[in-house]
Every structure is written in C-alpha cells, then in structure tokens.
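*Asks:* Can you read through this structure? Questions will come right after.
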2 protein chains.
Amino acid sequence: MSDFDTETRLEAQPDGGYSGIVHPSWNIGDNPNGGYLLTLAVAALQRAMPGHADPLSVTVHFLRPGLAGKPFRVDVQVLRQGRTLSTGRATLVQDGKTCLEVLAALGDLDRPAEPVMSLQPPPMPPPEQCVSRSGGEQGLPLPLLDRLDIRLHPGQARAGAAGEAMVSGWIRFHDGRPPDTLASLLFADAFPPAVFGLLGMVGWVPTIELTVHVRRRPSPGWMLGRFTANDLIDGRLIEDGALWDSAGNLVVQCRQLSLVRQGEPKE
Amino acid sequence: MSDFDTETRLEAQPDGGYSGIVHPSWNIGDNPNGGYLLTLAVAALQRAMPGHADPLSVTVHFLRPGLAGKPFRVDVQVLRQGRTLSTGRATLVQDGKTCLEVLAALGDLDRPAEPVMSLQPPPMPPPEQCVSRSGGEQGLPLPLLDRLDIRLHPGQARAGAAGEAMVSGWIRFHDGRPPDTLASLLFADAFPPAVFGLLGMVGWVPTIELTVHVRRRPSPGWMLGRFTANDLIDGRLIEDGALWDSAGNLVVQCRQLSLVRQGEPKE
C-alpha cells in the first residue's frame, strides 16, 4: 500500500462520520498541506456516495490550519444523489474546530473521451533537467517533499527568477503510486505559489478557497503542472492552475483565492 | 426601490432562516435564472454575517431548478466569523427540496486599491452599436431581459457567428439601479453560453457549479462582460468569465462547470 493510501485511511464511525489521523508527513513547515487535508475530506465523500468515484468539481474553504499528528473527523452530508453525479458537503474537524468546509460534485470519469476543446501543456524540459523543489529559500522544512517528487522548470525554480507570476514543473509520488483523480487534488496544491515568480519570496500566502475541476482520469507517470497569477489587488490573489498527465491530456483545472502577506514565512 | 432590490427581498424568520418569493421576472424560459437564485442565497449570508457586505468568493451548486413564483427559504450556517472575512453556507429550499447549496466567504471591499496585476477588458463597440440579447434563436421567452439590458458584441450576437467559444458585451439593470457586488453575481450568469459562439445553438447548457470571485466594488454605469470556453470533454464544459466596470476596473472573475446537452432548448 502506498504512503498516500495509508495516510489518507478513514475509519467509518457508527454515527456516519469518518475518522483518521492527519499525518505530519504531508506538512509544509508546521502545518499540514491544504491539498492533503482536502483529499481526506473528499475521500470521505467518495465513501459516502458510492458509485461516483471521481471528484468533478471540488471547492474547499480553509477555515483554520490543520493539526499535524492529531486525529480528525469528517462529517458528510449528501445533498443529492443522481444517476450521473452526486453532490455533497464535507466538514473536516480537529479538536472540536472546523478546519475545512468542502462542497463537491462527484461522478464517473471511466469512459474514455476525446476532448472537443482542451488546454495544451506548456513546453517543459524533462524531469531530470528540472530542479527539485526545496524549502531552502523560505527556510521551511517541507516533509511533503519526502512524499512528493516535484521538479520545477529550471527558469522558475528560484523565487523571483521567472520575472512573472508563473511556476511549472513535474510532480509524482516518490513511492511510485500512480496518480488518480483523488491524488490530482493534492497535486493541484503542492507547487510553490506562482506569485513568488514575480514578487520573490513574499512571506505567507494562505489559501482562502480552492476550486478544482477534474476533467479525466490521469495516465500513470509524471504529471505536469502550470500555475499562473494575473490578478492581485489589496493583498487578495487569484492563482490559476492546470495539470496534464504523461500522455499530455488535461486532467485538472484549478483556481484559488489567497492572501499575500508579508512577514513570517509560512505558505 | 429598484426591481432587483424589491425582488430579492428577504424576511427574517424566527428560526434564523430567511424567506421570500422567487419572482418570475428573472426567468429564462420557465426556470428562474441561476444567478438570480444565487443572489437570494448570498443576500441571506449578507444578513447573517453583518459587517462583511461583499461576497469575495462564492461557489454554488445547482441541485434542482428553482420554481418561479413560489416561496423559498434560505437556511444559513455561519462557519467562521473573522476580522477581515466571514465564511458561511446557505441552502435555498423550495417546496421542501434543496435547489441551491452555496459556500461563500464575505469581506469588505470598501478600501479603494490599485491592483498589482489585473486583467484588461477586451475592445468593445459602445452599447448603442451592440445587439440586444434576445431569446429569439432559442425560441425561449426571456423575462430576464425585461430586467437586464444586455448588449452583445455585434460579431458574437448570433449563435455560431463568433467561430469560437466566446461571448462578450455590456450589461446593466434596465431601471438604472447601479451595480454592486451582489448584482455582479447575477451579471456573471446572465450572458448566453459562450459555447454557442463555437457550436451554434446546442440545446441545453445546465450549470452544475459556478464560482465567482469579486475583486472590487463596481463604479456606476454599464459593466462589460467577456466569457470564453476552451475545455469541453464528454459533455462537460468549463466556461471562464470576467466583468469590468465602467471605469475599466476588473470586478469579477468567474468559472462554471456545465453540461452540454443536445435537445430541448433550455439554458
């Protein structure tokens, strides 16, 4: 069993909720990565809405940082179960407090389909010519990088180097687990903030809200991510992202609203 | 009082919910426009989270069509009240069934701010050289157009004419009510589907989920909208939009996940 599967394991509770442990191995500094917490909540939705395995549209609001190493529970409310998709909400709670609120539609992406229109992946040097993501510049330990192998475009690996709000590169699990639609939610929130490419290291970029649209199941192998920002006002930033699989198929489009805060280097 | 203010009026209920009537004057065919229903739910959040008047990030899942002319109620749950923003969910119910589920963060956009990065509005002929939106081609009555004055770019006003999945134009209230951040949610869902520009009239494009980010309060006058799509697979479409105010300031970015269905012309 892969680290990701082990560390997103849920136990069904008699009252209909799900419980587990927030593993510290997915931390950014002292805080669990938001994308990892999101997969815990969506895994609970997958369990509660059987028959619809793939998250098609997922919105999460991050209300409080998660607590690494501590138990969590997820309460699920199924809002509508349909033939082609089901909609539900999930609330991830730790220590009696809500950390994440998720609203999502799940469906089935098992039919192979050719897109009528799609986004093309950007040119990218092969992974071995890219630069492994490190926490060095921010001075943050990034346990997440023992789980995720992230290789950044060599022109965008250093904060401020890109000269624009863009970051791109490759991503996969270190242990060889193939990507799936659940993991693609994690991958959508694992790159450094695109705004670092323009502004350099800017302290703390907490995410208020993230919406991920999953477009198809990914092929095995590396995924390619590109994240850009072009809308920053009064410390409120919109970042757009996309992920492609190893066959060049678009798997994810995502967008997040974040705050850009000078000061203490957290993410 | 403007039509919009009158027809989004809420009555606070003793149990903490809000009630009102879904006015048929905002219909697309027989169904209330989704953006109008969304403003009812967000108006309830504004009431329940005083001090934070502006929707910053709003996600709505459309679970069932609304019922025009019928009463509704909105149940609100405040998830977190903070100093700079508050987060809550709202559920719009008619006839005992959930029509909309909304998850939103509200804050304050009363500080004038210069953007660090922003999107520029596209070139657009003045409103008097644009073409009023009509329901004619779809054969649908559009009562909504008695409330909203929508003028489409002359090259994009006829389905299929644009040759690409794009629609753009001007929008305002017919009765002269100035736009605000609540109305900008309505404006984000009032243009014809961008995909008509590429595919021609394609029947029914029901929205599964819409996320709107409001970036600032709009100046009075016309707003300019541009909506594009570049990601359609297996009948699932992503449409991106943006709205600018009369001073050329970006007010809204939005994205929706819709289904593209041949057949019965609804929207």
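The values are calculated or read from the model by the stated rules, or taken from the named source; none is laboratory data. What you are looking at is a predicted structure, and each value in this text was computed from that prediction instead of being measured. Please note: Cβ atoms are built from the backbone with ideal geometry, for glycine as well, and neighbour counts cover all protein chains shown.
*Asks:* Tell me, please, whether a residue that is of a type in the set (Phe, Trp, Tyr) and within 19 Å of B:His213 (Cα to Cα) can be found in the range B:65-83. Explain how you work it out, then say what you get.
*Replies:* Filtering the range B:65-83 down to residues of a type in the set (Phe, Trp, Tyr) leaves B:72.
Then drop every residue that is not within 19 Å of B:His213 (Cα to Cα), which leaves none.
No: the range B:65-83 contains no residue that is of a type in the set (Phe, Trp, Tyr) and within 19 Å of B:His213 (Cα to Cα).
*Asks:* Next up: Name the single residue, out of those in the range B:107-124 being more than 14 Å from chain A (Cβ to nearest Cβ) and in contact with a strand residue (DSSP E or B) (Cβ under 9 Å, 6 or more places away or on another chain), that is surrounded by the most Cβ atoms within 10 Å (Cβ to Cβ).
*Replies:* Of all residues in the range B:107-124, those more than 14 Å from chain A (Cβ to nearest Cβ) come to B:122-124.
Now restrict to residues that are in contact with a strand residue (DSSP E or B) (Cβ under 9 Å, 6 or more places away or on another chain): B:122, B:124.
Working: B:Pro122: 14, B:Met124: 20.
Going through the qualifying residues, I end up with B:Met124.
*Asks:* Let me ask another. Scan the range B:173-180 and tell me whether some residue there is over 21 Å from B:Thr8 (Cα atoms), surrounded by fewer than 21 Cβ atoms within 10 Å (Cβ to Cβ) and of a type in the set (Lys, Arg).
*Replies:* no
*Asks:* Working only within the range B:176-226, note down all residues that are over 14 Å from B:Leu237 (Cβ atoms) and among the β-branched types (Val, Ile, Thr).
*Replies:* Hits for the range B:176-226 are B:Thr181, B:Thr211, B:Val212, B:Val214.
*Asks:* Right, next: Name the residue that is surrounded by the fewest Cβ atoms within 10 Å (Cβ to Cβ), counting only residues in the range A:125-149 that are of a type in the set (D, E, K, R) and modelled with pLDDT of 85 or more. Can you show your working first?
*Replies:* Narrowing the range A:125-149 to residues of a type in the set (D, E, K, R): A:128, A:133, A:137, A:146-147, A:149.
Now restrict to residues that are modelled with pLDDT of 85 or more: A:128, A:133, A:146-147, A:149.
Details: A:Glu128: 7, A:Arg133: 21, A:Asp146: 13, A:Arg147: 23, A:Asp149: 17.
Applying the filter and picking the extreme gives A:Glu128.
*Asks:* Would it be correct to say that B:Pro65 is free of Cβ contacts under 8 Å to residues at least 40 places away in the same chain and either more than 21 Å from the chain's Cα centre (by Cα) or under 30 Å from A:Arg83 (Cα atoms) (or both)?
*Replies:* Numbers: free of Cβ contacts under 8 Å to residues at least 40 places away in the same chain: yes; either more than 21 Å from the chain's Cα centre (by Cα) or under 30 Å from A:Arg83 (Cα atoms) (or both): yes.
Criteria met by B:Pro65.
*Asks:* May I ask you to list pairs of residues, at least six apart or on different chains, whose Cβ atoms are under 8 Å apart, with the first in the range A:173-202 being under 19 Å from A:Trp244 (Cβ atoms) and the second being assigned to a loop (DSSP other than H, G, I, E, B) and among the polar types (S, T, N, Q)?
*Replies:* From residues that are under 19 Å from A:Trp244 (Cβ atoms), the pairs are A:Phe173/A:Ser2; A:Arg177/A:Ser2; A:Leu182/A:Thr8; A:Leu186/A:Asn33; A:Asp189/A:Asn33; A:Ala190/A:Asn33.
*Asks:* Does at least one position in the range A:33-41 carry a residue that is under 23 Å from B:Leu100 (Cα atoms) and either modelled with pLDDT of 95 or more or not β-branched (Val, Ile, Thr) (or both)? Steps first, please.
*Replies:* Narrowing the range A:33-41 to residues under 23 Å from B:Leu100 (Cα atoms): A:38, A:41.
Going one step further and asking which of them are either modelled with pLDDT of 95 or more or not β-branched (Val, Ile, Thr) (or both), we end up with A:38, A:41.
Within the range A:33-41, one or more residues are under 23 Å from B:Leu100 (Cα atoms) and either modelled with pLDDT of 95 or more or not β-branched (Val, Ile, Thr) (or both).
*Asks:* Would you confirm whether any residue within the range B:163-178 is aliphatic (A, V, I, L, M), away from every other protein chain (no Cβ under 11 Å), closer than 21 Å to A:His213 by Cα and in contact with a helix residue (DSSP H, G or I) (Cβ under 6 Å, 6 or more places away or on another chain)?
*Replies:* Yes.
*Asks:* So which residues in the range B:72-96 are among the charged types (D, E, K, R) and more than 9 Å from chain A (Cβ to nearest Cβ), if there are any at all?
*Replies:* We begin by selecting, within the range B:72-96, every residue among the charged types (D, E, K, R); these are B:73, B:75, B:80, B:83, B:89, B:95.
Selection gives B:Arg73, B:Asp75, B:Arg83, B:Asp95.
*Asks:* If you don't mind, there's one more thing I want to ask. Within the range A:229-244, which residues are more than 15 Å from the chain's Cα centre (by Cα) and either more than 8 Å from chain B (Cβ to nearest Cβ) or of a type outside the set (D, E, K, R) (or both)?
*Replies:* Initially, the range A:229-244 is screened for residues more than 15 Å from the chain's Cα centre (by Cα), giving A:229-238.
Within the range A:229-244, A:Ala229, A:Asn230, A:Leu232, A:Ile233, A:Gly235, A:Leu237, A:Ile238 qualify.
*Asks:* A:Ser219: on the phi < 0 side of the Ramachandran plot and buried (at least 24 other Cβ atoms within 10 Å of the Cβ), yes or no?
*Replies:* Values: on the phi < 0 side of the Ramachandran plot: yes; buried (at least 24 other Cβ atoms within 10 Å of the Cβ): no.
Here the answer is no, as A:Ser219 does not meet what is asked.
*Asks:* Hey, another quick one. Right, B:Leu152: more than 12 Å from chain A (Cβ to nearest Cβ), free of Cβ contacts under 8 Å to residues at least 60 places away in the same chain and surrounded by 14 or more Cβ atoms within 10 Å (Cβ to Cβ) or not?
*Replies:* In short, yes.
*Asks:* Can you tell me which condition B:Gly82 does not meet? The list is (1) modelled with pLDDT of 95 or more; (2) surrounded by fewer than 18 Cβ atoms within 10 Å (Cβ to Cβ), and all the others hold.
*Replies:* B:Gly82 satisfies every listed condition except (1).
*Asks:* Say we look at the range A:201-220 and pick out the residues that are in contact with a Lys or Arg (Cβ under 9 Å, 6 or more places away or on another chain) and more than 13 Å from chain B (Cβ to nearest Cβ); which of these is nearest to A:Asp54 (Cα to Cα)?
*Replies:* A:Val205
*Asks:* Also, quick follow-up: Within the range A:204-249, which strands (runs of 3 or more DSSP E) (wholly inside it) include 1 or more residues that are of a type in the set (Gly, Ala, Ser) and modelled with pLDDT of 95 or more? Give the steps one after another, and end with the answer.
*Replies:* Numbers: elements: A:207-214, A:223-233, A:236-244.
Qualifying strands (runs of 3 or more DSSP E): A:223-233, A:236-244.
*Asks:* Considering (1) assigned to a strand (DSSP E or B); (2) within 12 Å of chain A (Cβ to nearest Cβ); (3) surrounded by fewer than 17 Cβ atoms within 10 Å (Cβ to Cβ), say which one B:Ser19 fails and leave the rest.
*Replies:* (2)
*Asks:* Taking the residues in the range B:78-113 that are under 21 Å from the mean Cα position of the chain (by Cα) and among the acidic types (Asp, Glu) as candidates, determine which candidate is nearest to A:Cys99 (Cα to Cα).
*Replies:* B:Glu101
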